[in-house]
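For reference, the structure discussed in these notes is given below.
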Amino acid sequence: MVARRAFVGPLGDDIPSIFPIVAGVLLFIGTMAYAASLVAEKNSYLEVRKTSLGLSYIVTERGQMKKADLETLCADKLRKFGTNARVKFLITLERECPGYVFETDPKTTYDPNTAYAACSNLDFDAIKPDEVAARSPVVLNYPVAVPCPDEGSFTDGFGMINVIVWR
Amino acid sequence: MSERNPPAKRAQAAVFDGIMFLLLVSLSCTFVFVTVASYGQQEDQVMRSAYMLNYMQSVMKSVYFIDASTISNIKPDATLYPNLDCLKTKDYPGTVSVSDLVKRDVGDPAQTHPLGPALDDKFGTADSPGKTALRCSLEELMKPLSLSGYKYFSEFLDQRRPTAESPSGKAVTQPETRITNSILFAKLAEPAKQEGQIVQPSGCELAKNAGANVLSVASPFRVINYIGGGETSNRYIFRICVWQSNETAVGLGR
């Protein structure tokens, strides 16, 4: 009589094959879930960038800007656009009359109280530069002509518009 | 019990099937990761280009408003911007913008410039530092791009003189120095005399033909000509093009 080896039973023989099948199913579902979250995160980032470009097109309509111009644009168009897009934004206008000087600490751009003019859909006091920096905002810069050498001058010199958008 | 398919071999087949399934799933997951890694790259590239174009449009708009006297304090890098003295614009009154000076510079009369207008800091024989004013203002306005490794070239095309190479118009001559931060293309775009005519190569076309990924923005630039008592309007195109370059001030990338 031949000895039967490795025979547990009709179901028992299939038990070892369950492990790779379960592992495969779990791996697949996990990958799909991870990929979906990556795509959602990327989409959110692209939406923020699109909104920042939209705000930029509004604010760079003209090559010249004074404080009052930014405030008018802010009330008429920028706040509505930003709020509709469900993002938080801060637009600052800086006067760089002697020429552009680039700060080593980018957070200095995130403070509306130190800028020549600013616009946001949040209260200025609620905007903390450290918190904004932690949200990895999209920052776009554009040159513009601003009153120089003084704020009330009729002559124009170098200025910079900073468009900062985050969620 | 079948002798052809003994129980041991049936169990072995089931495990083999399970492992094959796992391998196929792993392969599918690899494809998913590769796809997700490249998701959004094209949109990202398009938005990057849109930002660059918007930036250059802002530069061109600013040139119409920035006053000539406010750029006199700029001290440019002598290597990238040779023979550039921004103090020349110091004494112009506040009502004169950079674009006004450029229009006067480009609007040379045929009497003093029989070979065509030139950006030579002169209106006829009188001083009109338009090219200097534009070089100084672009040195500042293009600084963020310049510091990020981009080179730019600015030129004016005369729409009255289209050519086969440049249907939009012949480039206005830029003798001695060119409006660019590229030492290489400033040299390559040097005007030369050919058959009694001065030929000014287009810096943007040279950069494109050299294989650079060039982004350019152009806008109409009208110059009113009052010579002879009448008023005519000469149409030019003001163009700025940028491209990424590893050109360095010393050794040109070597």
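When you look at B:Ser182, is it surrounded by 14 or more Cβ atoms within 10 Å (Cβ to Cβ) and in contact with a Phe, Trp or Tyr (Cβ under 9 Å, 6 or more places away or on another chain), yes or no? Taking the combined requirement at face value, the residue satisfies it. Looking at A:Leu93, A:Leu46, A:Leu73 in this structure, which one is within 8 Å of another protein chain (Cβ to nearest Cβ) and either of a type outside the set (Asp, Glu) or assigned to a helix (DSSP H, G or I) (or both)? Of the residues listed, the single one that is within 8 Å of another protein chain (Cβ to nearest Cβ) and either of a type outside the set (Asp, Glu) or assigned to a helix (DSSP H, G or I) (or both) is A:Leu46.
Would you please name the residue that is surrounded by the fewest Cβ atoms within 10 Å (Cβ to Cβ), looking only at residues in region B:45-56 that are within 7 Å of another protein chain (Cβ to nearest Cβ) and within 16 Å of B:Lys143 (Cα to Cα)? Checking each candidate, the answer is B:Asn54. Taking B:Asp85 as the residue in question, decide whether it is surrounded by fewer than 18 Cβ atoms within 10 Å (Cβ to Cβ), farther than 25 Å from A:Glu94 by Cβ and at pLDDT 90 or above. When the stated conditions are applied, B:Asp85 passes them.
Exactly one residue among B:Ala50, B:Ala14 is among the aliphatic types (A, V, I, L, M) and farther than 30 Å from A:Ala33 by Cβ, and that residue is B:Ala50. If you check B:Val98 against the conditions, is it touching a residue at least 60 places away in the same chain (Cβ under 8 Å), among the β-branched types (Val, Ile, Thr) and crowded, with 17+ Cβ neighbours inside 10 Å? Considered against the rule, which asks whether it is touching a residue at least 60 places away in the same chain (Cβ under 8 Å), among the β-branched types (Val, Ile, Thr) and crowded, with 17+ Cβ neighbours inside 10 Å, B:Val98 comes out as no. Quick one: would you say A:Ala40 is more than 8 Å from chain B (Cβ to nearest Cβ), under 30 Å from A:Arg86 (Cα atoms) and under 18 Å from the mean Cα position of the chain (by Cα)? Judged against the criteria, A:Ala40 is a match.
For beta carbons closer than 7 Å, sequence separation of 6+ or different chains, a first residue in region B:57-69 that is within 7 Å of chain A (Cβ to nearest Cβ) and a second that is acidic (Asp, Glu), the qualifying pairs are B:Phe65/A:Asp156; B:Ile66/A:Asp156; B:Asp67/A:Asp156.
The values are calculated or read from the model by the stated rules, or taken from the named source; none is laboratory data. None of these values were measured; they are calculated from a predicted model. All Cβ positions, glycine included, derive from the backbone under ideal geometry; neighbour counts span all protein chains shown.
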